[in-house]
1. Mind listing whichever residues of region 70-83 are surrounded by fewer than 14 Cβ atoms within 10 Å (Cβ to Cβ) and either at pLDDT below 95 or touching a strand residue (DSSP E or B) at 6+ places or on another chain (Cβ under 6 Å) (or both)?
2. Evaluate the following for Gly346: is it surrounded by 24 or more Cβ atoms within 10 Å (Cβ to Cβ) and either at pLDDT below 75 or touching a helix residue (DSSP H, G or I) at 6+ places or on another chain (Cβ under 6 Å) (or both)?
3. Looking only at region 153-186, how many residues end up being within 23 Å of Gln199 (Cβ to Cβ), of a type outside the set (A, V, I, L, M) and in a strand (DSSP E or B)?
4. Output the number of residues of region 213-227 satisfying the condition of being under 21 Å from the mean Cα position of the chain (by Cα) and either surrounded by 24 or more Cβ atoms within 10 Å (Cβ to Cβ) or not in a strand (DSSP E or B) (or both).
5. Hey, any hits in region 431-447 for a residue that's crowded, with 22+ Cβ neighbours inside 10 Å and within 26 Å of Leu295 (Cα to Cα)?
6. Among the residues of region 84-133 satisfying the criterion of being hydrophobic (A, V, I, L, M, F, W, C) and surrounded by fewer than 20 Cβ atoms within 10 Å (Cβ to Cβ), which is farthest from the chain's Cα centre (by Cα)?
7. Mind checking which residues of region 94-118 are under 24 Å from Val200 (Cβ atoms), at pLDDT below 90 and not charged (D, E, K, R)?
Amino acid sequence: MFNKSGSCAVAAGLTVAVCSAAMAGNPFKDLTTTEGGYHTWDSDLINVDAVSQTGHGVYVAVLDTGLVPNWKDYFPNARVATNLGTGFDQPVTFRSSSKNNPCGLETEVGNLQQSTWVGSTGSTHGTHVASTILGYTYRSNSDAAGGFPLPAIVVRGIAPDVTVIPVRVLSDHQIPALPKCTDPGPQPSTNAVFGTDAQVAAGIRYATDLKRAGYSPMVINMSLGGSELAQIEKDAVDYAIANGVIVVAAAGNDGEAGMGFPGAYAPVISAGAIGWTKEWLKPTDGLPRYRMWWLKDGDHVPPLLPNTGEVADPTAASDIYVTDFSSRELPGQELDVLAPGSWVRGPFPGDPGFNHLPWWSNGIGDVKGGHNSGNFFYVGGTSMATPHTSAVAALIMQKNPNLTQAQVESILKSTALPLATSGSRDIFDFDHAATITWDTDCDGTACDAVGAGVLRADAALTATPAP
């Protein structure tokens, strides 16, 4: 059984400004933190602007596709411990099963090998996940083409001073063509990015052993999941929690079909995905297709529309919806909290591979190129909700590094904003109006789409006891 990364839906303070059209290198190359950078709709929704903690001294192991080789284009050098990073590979060979089953595949799994943290060329998922935690440096030619020629800026992360450890547990695999398949039809050869249970388990144990060696506090972020919890993975999760590691994982993107594992495993802190009803809307008149809606208004030059990206303090949950893809809790599963996971902006440099020019260069691939040749995109999934949650867990561990997994989970759940167990919201979804509905019935089975409610960083930190 394989654990795939959370699927992604892709669509096309410290304000350091400064570059002319022909920029000479990355102007933020000496940056050490994104603290003081601009907030976004998603950080505002969970009230990150109301907390003083930054995650200083806390390690977050991001178990994912690794980081792109040019990660310094986006993240402060001091915030990524590549010296501690690693990767785990397990070769998987696919073969057509037989001429009697032309659509079937057989697999042969090789030995687990330790390798590099450098990212998969098939997906830059891990880089986007890390950007929510750390924040990133940003400039987009597409904004200028849309009438907002912003200079280069810094976007603040949820926990801008943590140290991220990239642990690659998802790899590139080649799935052969099935030319004689008739249902649904001949299948071409494709590249797939996934990890085996052994890869994920090895990553969990690796991060835990680092914690035991003194890299503490340690939080594990797993924006990934599979349909079952293999014993090797369960044992690794139990080992991590027993050794004081905080483990956070995605709920999954299967909607009413239920949660993925390890997120559904009760001891793990799981994150489902929410969105904001005012996404893509102009704050002045509520009309759609305002491209800068995601970036909170500030002292931008040129200025954004007033109240851009401003999320009202979420005491009225009417501005929040549960995404249709966010996995619901079915019997035997546990959904803990919800966090922003719809239209999250961040580095997503190239699909496939790294086919882009740095954002600080004089290239215009993001407006002229194909195959996602730009540097930044909106990504949706519980993969995006997970780093919001693990980053807030890191803020909690900064305040009190002695807390256990159960205590951190209790704080996050007891301070979450309750959301109605059923409801609907009208939204504008990029290019069309839509109504998002959720309820407590999943094809005849009782289910839960909301867990304890919406993550609130400020309330969680207030409830965190001093050590």
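1. Selection gives nothing.
2. Yes.
3. 7
4. Count: 10.
5. no
6. Filtering region 84-133 for residues that are hydrophobic (A, V, I, L, M, F, W, C) and surrounded by fewer than 20 Cβ atoms within 10 Å (Cβ to Cβ), the one farthest from the chain's Cα centre (by Cα) comes out as Cys103.
7. Phe94, Leu105, Thr107
To keep it simple, each residue is scored yes or no on (1) under 15 Å from Ile427 (Cα atoms); (2) exposed (fewer than 15 other Cβ atoms within 10 Å of the Cβ); (3) not acidic (Asp, Glu).
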site	(1), (2), (3)
Ile269	no, no, yes
Glu279	yes, no, no
Pro283	yes, no, yes
Leu287	yes, yes, yes
Trp293	yes, no, yes
Asp297	no, no, no
Pro303	no, yes, yes
Ala317	yes, no, yes
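The values are calculated or read from the model by the stated rules, or taken from the named source; none is laboratory data. All values reported here derive from a predicted model rather than from experimental measurement. Reconstructed Cβ throughout: ideal geometry from the backbone, glycine too, with neighbour counts over all protein chains shown.
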